[in-house]
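In what follows, a single structure is set out as structure tokens and then discussed.
The values are calculated or read from the model by the stated rules, or taken from the named source; none is laboratory data. None of the values given here were measured: they were computed from a predicted structure. A quick note on method: Cβ atoms are made from the backbone with ideal geometry, for glycine too, and the neighbour counts reach across all protein chains shown.
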Amino acid sequence: MNPSVSRFGLLLDVDGPIASPVSRTVTPAVVRHLVSLASAGWPVVFNTGRSDAFIRTQVMEPMIAAGLPGDVQVHAVCEKGAVWFTFDGTGPGAVQVDKALALPEPYADAVRELVTRKYAAHMFFDETKLAMVSVEQNVDVANADYLTEQETFDADALALMSSFDMGVCRLDHHAPDSDDSVDYRIDPTIISTDIEALGVGKDLGARRALSLLEAAGTPVPRTWRTVGDSRTDYAMADELHTLGFDVAHVDVRPADGVPAKPYPVLSAPGLIHDDAGEAFLARWVAMAAGLAKDDAGVV
């Protein structure tokens, strides 16, 4: 790494900016950029709702195959902060799970049965999750059809919680009289629904990221770029800003609406999802090599 070049910390959502929400895979170009940045000394931390199994197969293994050095660490905060692990060019370390943030197993079993009985044509139960309960759109189903079914599924999953005495709210439909008895929430995305403990979130993921860097003895940068495709992803930039870091957030789906924030919000004009993510990664690779001065535009 050129010592005269500024070093950013990268806190990256996976679905959208890194992995295509259509194919659920990561392109070789994105993988190469991630390896280049990690090898250049830029701390790379994934902050995702995805499981550790997804990160291992879709992100870690391609990065290792692309030449991630054995002495370069990359951190993965999964399930919105409830699960985490570290990997390098030799493979993954032990997976850690915050059991206090795990949903009751009987409820997970009931959701699995609900999906099998009523929704299997449009979605599947994610068996790889260790803390939250998630269902996801089948790859061969049109997104518009899935979103229609998702509305009904979310209502069924919400109603099902009453039989398990679980206080719950929908992330985008908070009850006016909700109080501290609500312990869980339903968080729908464009390709999935996560049912999760209230303690998880991209803000928790940001704090986990800092702790992982500190535990590894990695100097924590003062400047960060967070990247996401949904309004909830802004929470990681919010958290870093609150903690006093210099942060800018990259929104790869700004058409959903860009909220007013006390830090810069960046986007790639004309590009969305992993195309926009790849454009910023390419720009940061150029910055790490001393070939670009800032990330205000796209290479």
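Once the stretch 238-257 is narrowed to residues that are outside any strand (DSSP E or B), in contact (Cβ under 8 Å) with a residue 40 or more places away in the chain and of a type in the set (A, V, I, L, M), the residue that is nearest to S267 (Cα to Cα) is V252. Listed by position, the helices (runs of 4 or more DSSP H) enclosed by the stretch 47-115 include none that has at least 2 residues that are buried (at least 23 other Cβ atoms within 10 Å of the Cβ) and not assigned by TED's automatic domain parsing to the domain that holds T25. Of the residues that sit in the stretch 258-294 and are without any contact (Cβ under 8 Å) to a residue 24 or more places away in the chain and among the acidic types (D, E), which one is surrounded by the most Cβ atoms within 10 Å (Cβ to Cβ)? Across the stretch 258-294, the extreme among qualifying residues is D275. Tell me, which residue of the stretch 116-128 that is surrounded by fewer than 16 Cβ atoms within 10 Å (Cβ to Cβ) and assigned to a helix (DSSP H, G or I) is nearest to the chain's Cα centre (by Cα)? For the stretch 116-128, the residue satisfying everything is T116. The residue that is surrounded by the fewest Cβ atoms within 10 Å (Cβ to Cβ), among those in the stretch 37-46 that are at negative phi and in contact (Cβ under 8 Å) with a residue 40 or more places away in the chain, is A40.
Summed over the stretch 41-72, the residues that are within 23 Å of F8 (Cβ to Cβ) and out of contact with any strand residue (DSSP E or B) (no Cβ under 9 Å at 6 or more places or on another chain) give a count of 4. The number of residues in the stretch 222-237 being touching a helix residue (DSSP H, G or I) at 6+ places or on another chain (Cβ under 9 Å) and either assigned to a loop (DSSP other than H, G, I, E, B) or over 20 Å from L266 (Cβ atoms) (or both) comes to 2.
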